[in-house]
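The values are calculated or read from the model by the stated rules, or taken from the named source; none is laboratory data. Please read all numbers here as calculations on a predicted model, not as lab measurements. Using ideal geometry, Cβ is built from the backbone for each residue, glycine included, and neighbour counts are taken over all protein chains shown.
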Amino acid sequence: MRFDIVTLFPDLFDGYLTQGLLGKAIERNLTQIHRHNLRDFAPDTTHRPVDDKPFGGGPGMLIQVEPTVKCVEAVQAQSTTPARTILLTPQGKRFNQPMAEDFAVSERLILLCGRYEGFDQRVTDILEPEEVSVGDFVLNGGEVAAMLIIDAVVRLIPGVLGDEQSNIDDSFSRGNRLLEFPQYTRPREFRGHSVPDVLLSGDHGAIAKWREEQTQLRTNERRSDLL
Ligand code: ADE
């Protein structure tokens, strides 16, 4: 699966793309992540501005329509596989696990990262992207939101996780729309806090039952809206 990130700050992704599970997935060519600098499409090639003041007044600057549309069109043309275009904005549809699962079955995603006060409305009118928000808060730009989406989607690409079952057990995921049960590893006891006996019993039926109960309890306590 290929991701194309359109951004004013491509270097922000440097460390992110080389570390951990994502770094490995890229190394193993399970995913390809390309970065594109919007400034490369600025009409003024000397100072390369891509933002301007809003017509009608108001605070801040907007990203202009011309470099954005040209950049996305150029990125689309790099591959014959058509891409879904996602525009990151706090005004978009809220990202969640079913959306991650839906994105993971597409072959190619273009992630359009805003800065300042966002994009000229005509970006949306012309490109008709899917507008996505990662939560009800305002970030300094779409880059962190793009990382978040890539993180959630890449885990779902077959072969990326060592153990595919963890995708199914994870909180919110297919087969489990509730919160995950608590887990423990060695030591068995630390500062008077012990691992529940049932997990040491070797009784798989009892363990499964306990985990199911914990899932219900935890979800009821913390996120009853999911029940
Ligand atoms: N850009 C700024 N805030 C954002 C948010 N909450 N989600 C997606 N993109 C954003």
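Observations, loosely collected:
- Of all residues in region 76-131, those that are small (Gly, Ala, Ser) and either part of a helix (DSSP H, G or I) or at positive phi (or both) total 3.
- Residue in region 83-92 that is at pLDDT 95 or above, surrounded by 13 or more Cβ atoms within 10 Å (Cβ to Cβ) and under 18 Å from ILE157 (Cα atoms) present: yes
- Residue within region 60-68 that is in the same structural domain as GLU130 (by TED's automatic domain parsing) and within 13 Å of the ligand (Cβ to nearest atom) present: yes
- Flag if ASP136 is in contact with a strand residue (DSSP E or B) (Cβ under 8 Å, 6 or more places away or on another chain), loosely packed, with under 12 Cβ neighbours inside 10 Å and modelled with pLDDT of 95 or more: yes
- Checked against (1) within 14 Å of the chain's Cα centre (by Cα); (2) in a loop (DSSP other than H, G, I, E, B), MET147 meets all criteria but (2).
- Criterion violated by GLU164 - all others in (1) within 16 Å of the ligand (Cβ to nearest atom); (2) within 24 Å of LYS24 (Cα to Cα) satisfied: (1)
- The set of residues from region 65-105 being touching a strand residue (DSSP E or B) at 6+ places or on another chain (Cβ under 6 Å) and more than 23 Å from VAL134 (Cα to Cα) comprises CYS71, VAL75, THR81.
- Residues of region 149-169 that are surrounded by fewer than 18 Cβ atoms within 10 Å (Cβ to Cβ) and either under 19 Å from ARG108 (Cβ atoms) or free of Cβ contacts under 8 Å to residues at least 60 places away in the same chain (or both): ASP151, ILE157, PRO158, GLY159, GLY162, ASP163, GLU164, GLN165, SER166, ILE168, ASP169.
- Among (1) closer than 30 Å to LEU17 by Cβ; (2) touching a Leu at 6+ places or on another chain (Cβ under 6 Å); (3) in a helix (DSSP H, G or I) - the single one SER171 does not satisfy: (3)
- Subset of region 19-67 that is of a type in the set (A, V, I, L, M, F, W, C) and assigned to a loop (DSSP other than H, G, I, E, B) - its residue that is surrounded by the fewest Cβ atoms within 10 Å (Cβ to Cβ): PHE55
- Residue within region 110-132 that is assigned by TED's automatic domain parsing to the domain that holds THR18, under 30 Å from ARG211 (Cβ atoms) and surrounded by 18 or more Cβ atoms within 10 Å (Cβ to Cβ) present: no
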